[in-house]
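Report on one structure; see the data block that follows.
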Amino acid sequence: MRRFRALPALALATLTLTACPVNPATGERQLMLISEAQEIRMGQEGAQQVEALLGLYDDPELEEYVNQIGLELAATSEKPNLPWSFKIIDDVIVNAFALPGGPIYVTRGILAHFNSEAELAGVLGHEIGHVTARHSAEQISRAQAAQLGIGVGYIFLPEIAAYGDVINVSLGLLFLKFGRDDERQSDDLGFRYLRRSGYDPTEMVDVFDMLGRVSSAAGGSGLPAWLSTHPDPGERRERMQQRLAEVGGAAGGEVGRSRYLQMIDGMIYGENPRNGFFRGSTFLHPDLEFRIDFPAEWTTQNMARQVVAVSPNEDALIQLTLAAEASAAEAADTFLAQSGIQLQRISRAPVNGLPARAAYFAATASDGTALRGLAVFIEYGELVYKILGYTLADRWRTYAGTFQGSLGSFDRLTDSAALSAQPARLAIVRTDRTMTLAQFAERYPSTVEIEELELINGVEADDTIDAGTLVKRVVGGTIPKE
Ligand SMILES: [Zn+2]
């Protein structure tokens, strides 16, 4: 796998070739040390890692729908020939983001909050604007010019290639915060693409209303929410209304409310416990039928391919992933064969009756930091689990017992309530008579509170809903948290 680390050298080589070209989308000159080909490559590599790390929502029909709308919008942009793709991340948080050169993602969390195709198109158009205006590439160029790294501070073993790369590259790209001017520019570009595609641009104002209502605490995952990276929905709403006034007020156009709501009928809503869930600090995975205790008070995060727990002081980390090898012994050998890792002691004792290898090791991180840790490899079902706990070498005594307790708690999941956990889903109902949302909630009960129904439907509890209107309710969902 090609590493991103080669990029700065490449970019510097082109320093003299590309300086400040005029961007066709914005009409402005911008500092650009990255060629379009490099930008596309960064985006494609980032996309693979983002998808592996965060996971896509498995609904081909819905994904095709989102992709078609995105492609139609992108075709009206100044860069119709970029390798555009529009996919759905399986995450509850309200979020959307673009990687350089074309890959764009919306979460199922944000899809649950839209009430029309034009709202979806508005957010996709905005993200397309970030790509056509080359905001990521420009920021990376600025950082390179100033010789700053793009990445987040974390301690990592040299061996955690996949994870380290994702953090350093893709999530680095994700965590790029665009400035106010970039956001305004993307709003304007999104507005342009929305109109060119025949959508009603007033729907973009509804999106800002929705974002204004959704609190940044909308999701439990560590992805940056659209809100936190896109401040001031109120100000942006006003600006959108100005744009609308400039083009003659309510310009009309396609809204696609029914079509959109019918597409998201049945979509998983909220946390999907089949992908694993936490009960306190215990992680339970119904589909893979295992459980493991993480240390209490640690910050935990469940992503598509791994679970991570970080100590309160952020000086120790536990990471659970799947090993690629066929046995615990092979997985341990592969781990220990890496340069920079020295085996101190290995145990062949089973973990809760499951075949296992436990390796105590010392390691040197790429920046020279001395680390110590415990790696446990466990065979269970058809899979080999790899659970890694490590800390700074001089903190080993503090955490050794914690690692042993947590890593040694991996066991079969036998709790029938946990095994049968199911996600809630959106159900779209056509009202048979005029009623308020509160009356709707009584007539068609939901498994969420009325406040949440207000939020996802974009109406207040005492607002009147006409007969024959499509309304969202939330049904089912059993996650045994107690
Ligand atoms: Zn943005």
Legend entry - Near pairs, Cβ below 9 angstrom, 6+ apart or cross-chain, from segment 349-370 (without any contact (Cβ under 8 Å) to a residue 24 or more places away in the chain) to any residue that is exposed (fewer than 13 other Cβ atoms within 10 Å of the Cβ) and of a type outside the set (Lys, Arg): 360/344
Inset, instruction - From the list 363, 358, pick out the single residue that is touching a strand residue (DSSP E or B) at 6+ places or on another chain (Cβ under 9 Å), over 20 Å from residue 413 (Cβ atoms), at pLDDT below 90 and among the hydrophobic types (A, V, I, L, M, F, W, C). - result: 363
Legend entry - residue 131 at pLDDT 65 or above and within 10 Å of the ligand (Cβ to nearest atom): no
Legend entry - Matching residues, segment 189-232, being modelled with pLDDT of 75 or more and of a type in the set (Val, Ile, Thr): 202, 205, 207
Inset, instruction - Search segment 270-290 for residues being surrounded by fewer than 21 Cβ atoms within 10 Å (Cβ to Cβ) and of a type in the set (D, E, K, R), and hand back the single one that is modelled with the highest pLDDT. - result: 289
Legend entry - Test: residue in segment 383-394 that is in a loop (DSSP other than H, G, I, E, B) and at pLDDT below 95: no
Legend entry - Unmet criterion (only one of (1) of a type in the set (S, T, N, Q); (2) modelled with pLDDT of 60 or more; (3) within 16 Å of the ligand (Cβ to nearest atom)) for residue 241: (3)
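Okay, residues lined up against (1) more than 29 Å from residue 329 (Cα to Cα); (2) more than 29 Å from the chain's Cα centre (by Cα); (3) of a type in the set (Phe, Trp, Tyr):
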residue	(1), (2), (3)
396	no, yes, yes
399	no, yes, yes
427	yes, no, no
431	yes, yes, no
459	yes, no, no
474	yes, no, no
Legend entry - Residues of segment 280-307 satisfying the condition of being touching a helix residue (DSSP H, G or I) at 6+ places or on another chain (Cβ under 8 Å) and either over 25 Å from residue 426 (Cβ atoms) or free of Cβ contacts under 8 Å to residues at least 12 places away in the same chain (or both): 289, 291, 292, 293, 294, 295, 305, 306
Inset, instruction - Report whether or not residue 105 is surrounded by fewer than 23 Cβ atoms within 10 Å (Cβ to Cβ) and either within 19 Å of residue 270 (Cα to Cα) or out of contact with any Gly (no Cβ under 9 Å at 6 or more places or on another chain) (or both). - result: no
Legend entry - segment 244-269, residues that are modelled with pLDDT of 95 or more, part of a helix (DSSP H, G or I) and surrounded by fewer than 19 Cβ atoms within 10 Å (Cβ to Cβ): 257, 258, 259, 262
Legend entry - Contacts under 7 angstrom Cβ, first residue in segment 183-194 being more than 11 Å from residue 239 (Cβ to Cβ), partner modelled with pLDDT of 90 or more and more than 13 Å from the ligand (Cβ to nearest atom), 6 or more apart: 193/73; 193/76; 193/77; 194/121
Inset, instruction - Check 313, 302 and return the single one that is part of a loop (DSSP other than H, G, I, E, B) and on the phi < 0 side of the Ramachandran plot. - result: 313
Inset, instruction - Considering only segment 372-402, state which residues are crowded, with 23+ Cβ neighbours inside 10 Å and farther than 22 Å from residue 349 by Cα. - result: 391
Inset, instruction - Run residue 324 past the list (1) crowded, with 16+ Cβ neighbours inside 10 Å; (2) more than 21 Å from the chain's Cα centre (by Cα) and report the number of the one that doesn't hold. - result: (1)
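Before we move on, is residue 49 of a type in the set (S, T, N, Q), out of contact with any His (no Cβ under 6 Å at 6 or more places or on another chain) and buried (at least 20 other Cβ atoms within 10 Å of the Cβ)?
When the stated conditions are applied, residue 49 passes them.
The values are calculated or read from the model by the stated rules, or taken from the named source; none is laboratory data. Since the structure is predicted, the reported quantities are computational estimates derived from the model, not experimental observations. Note that each Cβ is placed from the backbone with ideal geometry, even for glycine, and that neighbours are counted across all protein chains shown.
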